[in-house]
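Novice: Before I ask anything, here is the structure I am working with.
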Amino acid sequence: MKITLTIKRLVLIAIILAISIETYSQKNIKGRIFEYTNETNLPLSGVGINNVFDTVTIFSDSLGHFEIRIPAKTKKSIPKPFINRIEKKDYIIMNVVEIDSEDMDIIMCKQETYYSLFNEFKRIGLKNFEATNNHKLNEYRLQKEKKLISHPEYNNYLKAIYDNELAYRKTLNNTSQYFVEIDKSRFDSIVHQCISFILENKIQDAIVLCSNQNYTQQYIEQYEKSKKEYIKRHIDFETNLLRFSSLSDKFEKIGNIYYKLAIYNIESIPILMEYANFLYEQRNFEKAIDWYNQILKRNTSPFITANINNILGSIYFIKEEYSKAEELYYSAIDTYDSIIPKDYYLYSPSKAETLINLAILYKSTRNFNEALSPFNEALEINREFSSIYPDKYLSSYAINLMNLASLHNELRNDSISVDYYLEAIMLFDSLSQFKQDEYKSHKATSLNNLGLIYYKNQKYPEAIEAMNSSCTLYEQLSMDYPKQYLLQLTTIKLNLASISKETADLSKAEKLYLDVIDIYYSLVDINPIENLSQISYTQNLLGLLYSGIGEYEKAQNILKEALRIRKELAEKDIDNNLAKVAEIQNNLGSVFEYTENYNKAIEMYNLSIELYDTLAKNGYYFTEKKKEIEDNIKRLEQLYNKNN
């Protein structure tokens with residue numbers, strides 16, 4: 001079972017402003033670096049500063065000062081930011097500054113301090129969200145017990161809760177990071193008070209305090225640019241606070257804020273983009289399309305036009321309108337090609353993103369050869385920029401390697417696929433600590449897929465080593481995020497069980513199947529129908545394993561349990577389960593045959609034939625399977641008559 005990155009994903013939609021080519025009038029870039037403390041910020045010495053053209057590291061002095069001279073030969077046209085790395089062991093940058101400005105004040109703090117607060121925000125957020133979810137679960141269980149809602153409705157509610165929790169976990173890193181940085185920036189007394197409320201687990205008090213300031217109305221009524229920017233920072237805090245909360249109507253509240261800002265600032269492209277992007281994020285695609293088109297009517301920037309066409313392409317891709325998506329992606333790429341000569345460093349990464357989206361479209365529609373060219377072109381851009389700005393682009397390069405490895409696997413270019421996976425795995429090891437879990441997940445996925453290629457080529461030791469490593473990573477991730485990663489762990493364990501059977505390590509295969517069954521049982525409350533189906537599926541595999549090694553009593557017991565579960569599922573959904581009931585009955589018949597219980601075997605085989613006849617009446621035909629069972633019955637009847 002192969003794990004792949006989700007294809008129909010929401011693409012990155014922020015307007016990229018980080019890099020551009022500029023003509024530098026100043027002769028040098030200088031700044032000062034401080035260490036954050038609770039009392040005041042102190043000068044920080046020994047911080048290394050690197051630039052894109054010089055391999056020599058400049059260090060801040062005892063007062064935190066540093067100065068970098070721009071080489072004369074590059075003064076006319078150099079990439080911005082000219083500074084590509086600021087680092088000191090065990091420290092992290094706290095404030096967002098305009099890198100390369102003439103005088104920079106950069107605030108750093110110890111990673112231990114940063115992550116301690118970061119993890120505290122995450123803990124509080126999860127605790128509140130899970131408390132709200134548990135309250136909802138208890139309500140739904142009570143309604144089900146009183147028969148106020150049906151089993152399918154109950155299952156749908158559980159799935160919605162599960163999906164909401166996964167979505168919340170994916171945004172929690174960003175909001176927690178934002179709160180740490182805004183807290184350490186000492187931005188504003190109201191914001192500081194809200195942060196204090198959050199850390200006291202009084203999130204609702206923080207929301208009320210923030211809401212009472214009426215920042216949205218202040219922004220609408222303000223005309224001075226600098227004051228509007230100041231108020232907008234408060235609005236950004238308010239929307240992040242709402243995202244962090246467990247309010248059921250939080251996205252409605254955020255949408256109302258963005259809508260008011262857009263209506264009263266209809267000529268502001270950044271404000272309109274923010275609202276359109278929010279609608280896109282919420283998968284309100286028709287409204288998002290309308291607002292993106294509103295922006296295109298007002299916009300004069302080719303870059304923004306290309307960016308929006310890329311986003312619209314992704315919307316139509318998700319809607320499975322592939323021709324429209326392809327047309328929009330090509331339009332964006334053509335626009336990027338027309339403006340890249342003017343500013344290579346600004347536009348090339350955005351072109352790479354669109355090329356990847358185009359390649360994923362081709363791959364998802366099984367046009368594998370067409371996908372190669374855009375993937376390769378994007379890879380070259382990613383490779384170049386990851387060498388200049390590793391912190392920003394190395395992850396994109398590694399993920400693109402994963403995509404190309406998967407594509408070459410589809411094209412049966414196994415050796416190329418293996419090389420790409422190995423390079424991606426190496427890069428994920430080297431990536432920064434902040435998104436460690438995300439990179440660990442990508443690494444685990446790459447190891448699993450690499451193991452499958454080794455398995456296909458009968459390189460069993462290499463396959464087992466890769467999949468064991470993948471399994472270990474997912475076990476680590478599952479300890480902190482069980483609902484998010486346990487299903488991936490079951491996939492790896494099932495793959496390992498298949499290899500263990502192939503290599504005759506049957507005791508290990510048995511243990512892996514039992515582990516998988518236990519995991520699915522632990523997830524039954526989240527998604528009962530799907531997880532019960534997987535339990536029955538795995539029990540059937542385990543029953544076949546027991547039967548193959550002569551453990552017939554164990555085989556009978558586990559297959560009977562698999563049959564019981566599958567029959568219950570068939571009562572609610574015949575189309576997806578009746579054939580599987582017939583399959584398990586047939587397997588159970590084989591076990592009875594091996595133990596010379598021929599009457600019971602014939603009974604099971606006849607029950608399977610009856611089900612296949614029922615399926616045929618509904619348009620599902622299993623002609624060869626039915627013929628095979630009928631032959632078995634004839635053979636057993638002859639054998640039974642001969643013995644009696």
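Novice: Can you pull out every residue in segment 163-172 that is under 13 Å from GLU438 (Cβ atoms) and surrounded by fewer than 17 Cβ atoms within 10 Å (Cβ to Cβ)?
Specialist: LYS170, THR171
Novice: Any idea which of ILE195, ILE161, ILE182 is of a type in the set (Val, Ile, Thr), closer than 30 Å to LEU569 by Cα and under 32 Å from the mean Cα position of the chain (by Cα)?
Specialist: On inspection, the qualifying residue turns out to be ILE161.
Novice: Within segment 272-281, is there a residue that is of a type in the set (Asp, Glu) and in contact (Cβ under 8 Å) with a residue 40 or more places away in the chain?
Specialist: Looking through segment 272-281, at least one residue is of a type in the set (Asp, Glu) and in contact (Cβ under 8 Å) with a residue 40 or more places away in the chain.
Novice: Could you please find all residues in segment 381-433 being at pLDDT 95 or above, closer than 20 Å to ASN50 by Cβ and among the acidic types (Asp, Glu)?
Specialist: Across segment 381-433, there are no qualifying residues.
Novice: Could I ask something else about it? Within the bounds of segment 106-123, is there any residue that is farther than 30 Å from ASP525 by Cα, among the polar types (S, T, N, Q) and surrounded by fewer than 17 Cβ atoms within 10 Å (Cβ to Cβ)?
Specialist: Yes, because at least one residue in segment 106-123 is farther than 30 Å from ASP525 by Cα, among the polar types (S, T, N, Q) and surrounded by fewer than 17 Cβ atoms within 10 Å (Cβ to Cβ).
Novice: Now, a different point. Among the residues of segment 122-155 satisfying the criterion of being in contact with a Leu (Cβ under 8 Å, 6 or more places away or on another chain) and either assigned by TED's automatic domain parsing to the domain that holds GLU35 or touching a residue at least 40 places away in the same chain (Cβ under 8 Å) (or both), which is farthest from ASP90 (Cα to Cα)?
Specialist: So, considering only residues that are in contact with a Leu (Cβ under 8 Å, 6 or more places away or on another chain) and either assigned by TED's automatic domain parsing to the domain that holds GLU35 or touching a residue at least 40 places away in the same chain (Cβ under 8 Å) (or both), the one farthest from ASP90 (Cα to Cα) is LEU137.
To keep it simple, each residue is scored yes or no on (1) in a helix (DSSP H, G or I); (2) farther than 25 Å from SER507 by Cβ; (3) modelled with pLDDT of 95 or more; (4) not acidic (Asp, Glu).
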{"site": "ILE529", "(1), (2), (3), (4)": "yes, yes, no, yes"}
{"site": "GLN534", "(1), (2), (3), (4)": "yes, no, yes, yes"}
{"site": "GLY543", "(1), (2), (3), (4)": "yes, no, yes, yes"}
{"site": "TYR546", "(1), (2), (3), (4)": "yes, no, yes, yes"}
{"site": "ILE584", "(1), (2), (3), (4)": "yes, no, yes, yes"}
{"site": "GLU596", "(1), (2), (3), (4)": "no, yes, no, no"}
{"site": "ASN599", "(1), (2), (3), (4)": "yes, yes, no, yes"}
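Novice: Has segment 206-221 got at least one residue that is under 30 Å from TYR91 (Cβ atoms), at pLDDT 95 or above and assigned to a helix (DSSP H, G or I)?
Specialist: Within segment 206-221 (the criterion being under 30 Å from TYR91 (Cβ atoms), at pLDDT 95 or above and assigned to a helix (DSSP H, G or I)), the answer is yes, since at least one residue qualifies.
Novice: Additional query: Kindly indicate the residue of segment 599-644 that is among the acidic types (Asp, Glu) and under 18 Å from LYS580 (Cβ atoms) and also surrounded by the fewest Cβ atoms within 10 Å (Cβ to Cβ) among those meeting that condition.
Specialist: GLU624
Novice: Quick one: is TYR521 in a helix (DSSP H, G or I), more than 26 Å from LYS170 (Cα to Cα) and among the aromatic types (Phe, Trp, Tyr)?
Specialist: no
Novice: If GLN534 passes every condition in (1) touching a Phe, Trp or Tyr at 6+ places or on another chain (Cβ under 9 Å); (2) farther than 25 Å from ASN495 by Cα but one, which one does it miss?
Specialist: The number of the failed condition is (2).
Novice: While we're on this one: Mind listing just one residue for me: the one in segment 484-508 that is of a type in the set (D, E, K, R) and buried (at least 17 other Cβ atoms within 10 Å of the Cβ) and, of those, nearest to LYS440 (Cα to Cα)?
Specialist: LYS493
Novice: A further question follows. Of all residues in segment 227-267 being crowded, with 16+ Cβ neighbours inside 10 Å and of a type in the set (Gly, Ala, Ser), which is modelled with the lowest pLDDT?
Specialist: SER246
Novice: Moving on. For segment 76-189, which strands (runs of 3 or more DSSP E) that fit wholly inside it have 1 or more residues that are modelled with pLDDT under 85, acidic (Asp, Glu) and in contact with a strand residue (DSSP E or B) (Cβ under 7 Å, 6 or more places away or on another chain)?
Specialist: Hits in segment 76-189: 103-110.
Novice: Considering only segment 377-416, state which residues are farther than 27 Å from ILE83 by Cβ, touching a residue at least 24 places away in the same chain (Cβ under 8 Å) and among the small types (Gly, Ala, Ser).
Specialist: Matches in segment 377-416: ALA405, SER406.
To keep it simple, each residue is scored yes or no on (1) without any contact (Cβ under 8 Å) to a residue 24 or more places away in the chain; (2) of a type in the set (D, E, K, R); (3) within 19 Å of MET604 (Cβ to Cβ).
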| position | (1), (2), (3) |
| --- | --- |
| LEU514 | no, no, no |
| SER522 | no, no, no |
| GLU530 | yes, yes, no |
| GLN534 | no, no, no |
| GLY543 | no, no, yes |
| ILE549 | no, no, no |
| ALA562 | no, no, yes |
| LEU578 | no, no, yes |
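Novice: Kindly indicate the residue of segment 424-470 that is charged (D, E, K, R) and part of a helix (DSSP H, G or I) and also surrounded by the most Cβ atoms within 10 Å (Cβ to Cβ) among those meeting that condition.
Specialist: Taking the candidates together, the pick is LYS443.
Novice: Is it fair to say ASP480 is surrounded by fewer than 22 Cβ atoms within 10 Å (Cβ to Cβ), acidic (Asp, Glu) and under 21 Å from the mean Cα position of the chain (by Cα)?
Specialist: So ASP480 fits the description; yes.
Novice: Related question: Of the numbered conditions (1) of a type in the set (Ser, Thr, Tyr); (2) farther than 25 Å from ILE416 by Cα; (3) modelled with pLDDT of 95 or more, TYR345 satisfies every one except a single condition; which is it?
Specialist: (3)
Novice: Could you list, in sequence order, the residues of segment 225-264 that are closer than 24 Å to LYS184 by Cα and basic (Lys, Arg)?
Specialist: LYS227, LYS228, LYS232, ARG233, ARG243, listed by residue number.
The values are calculated or read from the model by the stated rules, or taken from the named source; none is laboratory data. Given the structure is predicted, the values throughout are model-derived calculations rather than measurements. No Cβ is skipped: glycine too gets one built from the backbone with ideal geometry, and neighbour counts run over all protein chains shown.
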